1. Quick check: is even one residue across segment 60-74 among the polar types (S, T, N, Q) and either part of a loop (DSSP other than H, G, I, E, B) or modelled with pLDDT under 90 (or both)?
2. Please list, ordered by first then second residue, the pairs with beta carbon atoms under 9 Å, 6 or more apart or interchain, first in segment 4-27 and assigned to a helix (DSSP H, G or I), second among the small types (G, A, S) and surrounded by 10 or more Cβ atoms within 10 Å (Cβ to Cβ).
Amino acid sequence: MADTQTLRAKLEAKKKQLEAKLKMLAAREAGQRRKDETRRKIIVGALAMNHAELDGKDEFRRELYTLVNRYTTRPQDRALFNLEPLETPAENEPPAS
């Protein structure tokens, strides 16, 4: 009986170690996926900006500007593109009397 309890304790300890290693591996994989996604976004953004600057047609440039203006909402992000800040809902409301 003592032997099975000892064996159980050893196996439980080994199980905890393996679970911790699996958790670390999952976190590392998730971090790499985030890094890969960020890198893809940087590359696609650079390609789009380069195409907008070098393409002889203004259509792509206008469409890109429209998309950036429509979907960029954070003030610091809009400033990067020299876009006017968006109005806040409080600015749209009439003053209280």
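1. Scanning segment 60-74, I find at least one residue that is among the polar types (S, T, N, Q) and either part of a loop (DSSP other than H, G, I, E, B) or modelled with pLDDT under 90 (or both), so the answer is yes.
2. none
The values are calculated or read from the model by the stated rules, or taken from the named source; none is laboratory data. Just so you know, these numbers come straight off a predicted model, no measurement behind them. All Cβ positions, glycine included, derive from the backbone under ideal geometry; neighbour counts span all protein chains shown.
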